[in-house]
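Inspection log for the structure reproduced underneath, given as structure tokens.
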Amino acid sequence: MASLKEVKNRIASVNSTRKITSAMKMVASSKLHHAQQAIEAMRPYEQRLSHIMSTFVESLEGTAQTPYASEREVKRVAIALFTSNSSLCGGFNANAIKAFHRQLAHYREQGVEVVEVVPVGKKAADAVRKAGFPVATDNAPLLDHPAYDPAAQLAAHFMQRYVDGEVDQVDLIYHHFKSAGSQVLLTETLLPVALEADKETEPKETNGLALDFIVEPSPQEVLQELVPRSLHLKLFTALLDSLASEHAARIIAMQVATDNADELLRSLTLTYNKTRQQAITAELLDIVGGSMQ
């Protein structure tokens, strides 16, 4: 059995760790509040723009043409992998990296070459390097200071490579923030863009009716502006989704760690009291035994 000093030191160590996990939970809660406000404000705008684009294309009756929607045989793929810059967020990073490796294995089985992987987050960059892909740019600051312009530049990079024929498809791997207690890992296709209307996200105001657009200066010019903006917003929304999911996952992980520390403290306190009582009893027996001799 451990000595009183060892148990006492162990209690002090666990108590110190508990203070750290509790403080990290409060910090993550504060960051989640801001991240949740950002994604909840952005998501309706992105969905509305996507719906407008889809209904606009449908109203053109097949006359719409955009280089970002041209489907071709998939031989070369680019992937954007979203993780966090730091750890201590449960299985958040591990799950995203596992999905990345599953996607790699799937493409290799299909004979598809993954020509580029763009990591967003330090943990993603480490995983990409271990997988044997070069990391040309450091996108970690996107998570520290999320902004639309850098995300739009990253989307424009993928769009240019797709138009030039260097890649045939661009995938996004990220966590979708549903609530503080639920984050869903998604693998979505950024390019080619899907121009069909999504009935599940169709705004209630339209009631399923086809909209008739009056277009100026021309449908093609409007489409050339609308599609890139929609792609920029989709990648920026994925970034905000991943950021909010990271903070939510960290809150859960730190809460679990704090609860485990509380349980360990109760067990160690009980052990300390038992050991102390045994020591006192042994001393009393020694005293009583000595006085009787």
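Please treat every number below as a calculation from the coordinates, not as lab data. The structure presented is a predicted model; accordingly, all values stated were derived computationally and were not measured. As a convention, Cβ positions derive from the backbone with ideal geometry for all residues, glycine included, and neighbour counts pool all protein chains shown.
Quick notes on this one:
- Straight Cα distances below 30 angstrom link Lys122 to the lysines Lys19, Lys25, Lys31, Lys75, Lys98, Lys130, Lys178, Lys234, with same-chain residues fewer than 8 positions distant left out.
- Here is how the number arises for the chain: DSSP H runs of 4 or more residues each give -39500 (n - 2.57), the sum is divided by the residue count, and the result at 222 nm is -21500 deg cm²/dmol.
- Positive-end extreme of charge dipole, the chain - chosen from Thr275, Val77, Pro146 (charges on Cβ): Thr275
- Cβ charges +1 (Lys, Arg) and -1 (Asp, Glu), total dipole of the chain, debye: 2000 debye
- Enclosed volume per residue, in Å³, of the convex hull spanned by Cα atoms of the chain: 172 Å³
- Multiplying the residue separation of Thr189 and Arg72 by 0.36 nm and subtracting their alpha-carbon distance yields 40.7 nm.
- Alpha-carbon Rg/Rh ratio, for the stretch 20-125, with Rh computed the Kirkwood way: 1.09
- Using a cutoff of 8 angstrom between alpha carbon atoms and counting only pairs six or more residues apart, the relative contact order for the chain works out to 33 percent.
- Ranking Val163, Gln255, Tyr68 by Cα position along the charge dipole of the chain, where only Lys, Arg, Asp and Glu carry charges on their C-beta atoms, puts Gln255 farthest toward the positive end.
- Qualifying lysines (Cα of each under 18 Å from Cα of Lys274; at least 8 residues distant if same chain): Lys5, Lys8
- Nearest-0.05 FRET efficiency for Lys274 and Asp144, computed from C-beta distance (R0 35 Å): 0.10
- The longest stretch of the chain left intact once loop-based GluC sites (Glu not before Pro) with at most 16 other Cβ atoms within 10 Å are removed from consideration, loops following DSSP, is 197-293.
- Ranked by the mean number of other Cβ atoms within 10 Å per residue, highest first, peptides 150-161, 119-130, 24-35 order as 119-130, 150-161, 24-35.
- Selection from Leu265, Ala124, Pro192 lying farthest towards where the dipole of the chain points positive, charges on Cβ: Leu265
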